[in-house]
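> Questions regarding the structure given below will be posed in turn.
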Amino acid sequence: MTTYPHTVTGHWIGGETVAGSAGTLAVVNPATGDVVAETPAGTAADVDRAVAAARAAFPAWSATTPAHRADVLRRLGAGLAARTEEIASAITAEMGSPITMSRTAQVGFPAAVIDSFAGLADGFAWTEEIGNSLVVREPIGVVGAITPWNFPLQQIVSKLAPALLAGNTMVFKPSENAPLTARILAEVAAEAGVPAGVFNVVYGTGAVVGEAISAHPDIDMISFTGSTRAGQRIAAVASATVKRVALELGGKGANIILDDADLPKAVTTGLAMAFSNGGQVCGAWPRMLVPAARQDEVVALAVGAARQYTVGDPTDEATRVGPMASEAHRRKVVGYIERGIADGARLVFGGPDRPAELTDGAYVQPTIFADVDPTSAIAQEEIFGPVLTIIPYADEEEAVSIANGTSYGLTSGVFGAPEHALAVARRLRVGQVDVNAGRWNPLAPFGGYKQSGNGREFGRLGLEEFLETKSIQR
Ligand code: NAD
């Protein structure tokens with residue numbers, strides 16, 4: 001048997017490694033094409049075992065105090081931070097995130113999110129008097145968590161921290177493309193004082209393990225982050241057991257640059273929000289909406305800034321754009337670049353060919369189109385790659401209507417004079433808007449309108465998602 005650098009020998013169920021029964025799945029480094037790990041290919045029977053462990057652990061864990069659970073979370077956050085290098089290199093190996101980004105965003109954000117939830121335990125209204133009723137907020141039970149590959153640790157921590165703080169137990173299926181941090185997280189959680197059975201990991205595909213979790217009668221809630229297509233299927237499967245389903249889905253963010261914006265700042269920030277993590281960010285801004293009369297200026301600024309995005313080996317600290325997360329995903333992104341050209345958009349940077357000298361690996365050129373028709377495929381569909389579409393607009397009404405004119409509604413940016421930009425932000429049908437590059441706030445709820453989902457993560461609203469409400473009249 002070959003031993004790979006990151007091999008995972010079993011599921012994590014009831015606080016121990018449990019061998020899989022049905023073969024393995026390979027994890028491929030997209031920069032090299034090499035297999036870097038194998039994980040078990042889980043089955044419905046593995047999910048049953050994990051659910052039984054989570055169910056058995058629920059009474060004791062849900063009876064602990066929020067203050068105790070917050071302490072456990074704080075230790076968990078510190079434990080992850082202490083293993084930053086190991087986690088960062090695993091994420092870079094499995095999905096190609098540039099190593100500097102792996103250390104900062106891929107590990108730094110989860111640590112901040114855990115701290116922010118731990119800080120909520122004290123002030124939260126776990127009980128409330130409403131007239132003659134005592135209203136009690138209680139854990140839901142067993143939570144099934146299913147996550148994508150783009151921020152493997154951040155996506156699960158955004159669920160684990162509020163779910164465990166609320167007193168739930170969990171069964172987690174990581175993405176089959178990026179499963180390596182799940183085991184590290186489980187080990188750190190155990191060391192931090194998460195009892196056996198409270199957090200379980202079952203590896204496998206969406207079609208087998210994901211479906212089994214969604215359908216399971218003993219799972220009380222699904223918290224899903226991933227594509228709209230998979231979210232639709234999960235909601236349909238979960239409906240038979242009427243479990244709660246929280247969906248965090250795709251996006252097609254717009255960066256609206258108003259006529260009174262600081263143009264260089266709006267363009268460079270917007271480009272970063274389109275190219276960061278190779279554009280593989282749900283909250284990215286792949287559309288840049290600009291006053292038609294200023295499009296040429298914007299194109300010059302964007303092309304100048306794009307030259308700074310060095311593409312290459314994600315283990316090199318100078319790299320800003322690594323490979324796409326897989327060869328299949330590279331082909332999808334290149335297909336969209338070809339489609340943009342065929343549909344008549346003006347290619348001003350990059351293109352469908354491989355970046356020079358990168359003959360192997362899942363690399364694409366960061367690409368910019370101008371004069372993009374807002375109804376065309378590259379302006380409507382989620383590409384999830386480093387492809388910026390510059391869309392000219394005639395007036396503000398048209399800008400708002402273009403921004404709101406996709407089936408998604410996750411994030412947007414607006415740049416302009418502060419009050420003007422705020423007024424436009426209020427008209428956007430999205431769950432989060434950054435005005436003039438407003439800072440990330442881990443306590444602010446994040447989630448989608450329309451087909452970007454129905455959940456909210458982070459902060460008090462993110463915690464409430466994992467709670468049931470009981471009214472006791474007396
Ligand atoms: P994906 O939907 O293909 O897979 C996500 C997860 O769902 C994986 O674990 C996969 O195995 C599982 N899955 C797939 N089919 C399933 C099914 N029928 N039943 C149960 N589980 C199933 O998404 P991806 O390619 O891994 O990630 C990219 C997508 O995730 C993009 O659409 C992106 O916008 C979205 N995303 C959204 C957010 C957010 O917060 N809204 C954050 C990150 C990524």
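> Of the residues in the range 191-210, how many are away from the ligand (no atom under 16 Å from the Cβ) and touching a strand residue (DSSP E or B) at 6+ places or on another chain (Cβ under 8 Å)?
Selection size over the range 191-210: 4.
> Still on this model: Would you please name the residue that is farthest from D220 (Cα to Cα), looking only at residues in the range 30-50 that are in contact with a strand residue (DSSP E or B) (Cβ under 8 Å, 6 or more places away or on another chain) and surrounded by fewer than 24 Cβ atoms within 10 Å (Cβ to Cβ)?
D34
> Are any residues in the range 440-471 among the basic types (K, R) and more than 18 Å from the chain's Cα centre (by Cα), and if so, which ones?
Scanning the range 440-471 gives R460, K470.
> When the residues of the range 211-226 are narrowed to those that are more than 6 Å from the ligand (Cβ to nearest atom) and part of a helix (DSSP H, G or I), which ends up surrounded by the most Cβ atoms within 10 Å (Cβ to Cβ)?
Taking the candidates together, the pick is I213.
> Answer yes or no as to whether L358 is touching a residue at least 24 places away in the same chain (Cβ under 8 Å), crowded, with 16+ Cβ neighbours inside 10 Å and farther than 30 Å from F446 by Cβ.
Taking the combined requirement at face value, the residue satisfies it.
> Here is a list: R229, R233, R244. Which entry is within 22 Å of the chain's Cα centre (by Cα), more than 7 Å from the ligand (Cβ to nearest atom) and open to solvent by 20 Å² or more (accessible area, probe 1.4 Å)?
Going through R229, R233, R244 in turn, just one is within 22 Å of the chain's Cα centre (by Cα), more than 7 Å from the ligand (Cβ to nearest atom) and open to solvent by 20 Å² or more (accessible area, probe 1.4 Å): R244.
> In addition: Go through the range 70-79 and report how many residues are farther than 15 Å from V198 by Cβ and surrounded by 24 or more Cβ atoms within 10 Å (Cβ to Cβ).
0
> While we're here: Quick check on my filter: what residues within the range 151-169 are away from the ligand (no atom under 16 Å from the Cβ) and among the β-branched types (V, I, T)?
The answer is T169, and nothing else.
> For the range 367-376, what are the residues that are open to solvent by 10 Å² or more (accessible area, probe 1.4 Å), of a type outside the set (S, T, Y) and either within 16 Å of the ligand (Cβ to nearest atom) or at negative phi (or both)?
D373, P374
> Only one of A67, A37, A41 is within 24 Å of V194 (Cβ to Cβ) and touching a Phe, Trp or Tyr at 6+ places or on another chain (Cβ under 8 Å). Can you tell me which?
Selected residue: A37, the only one of A67, A37, A41 that is within 24 Å of V194 (Cβ to Cβ) and touching a Phe, Trp or Tyr at 6+ places or on another chain (Cβ under 8 Å).
> Might you let me know whether the range 238-249 holds any residue that is closer than 22 Å to I391 by Cβ and of a type outside the set (S, T, N, Q)?
no
The values are calculated or read from the model by the stated rules, or taken from the named source; none is laboratory data. Here the structure is a predicted model, which means the values were calculated and not measured. Virtual Cβ from ideal backbone geometry, glycine too; neighbours counted across all protein chains shown. All accessible areas refer to the heavy atoms of the entire protein, side chains included, with ligands and DNA or RNA removed. Shrake-Rupley method; radii C 1.70, N 1.55, O 1.52, S 1.80 Å.
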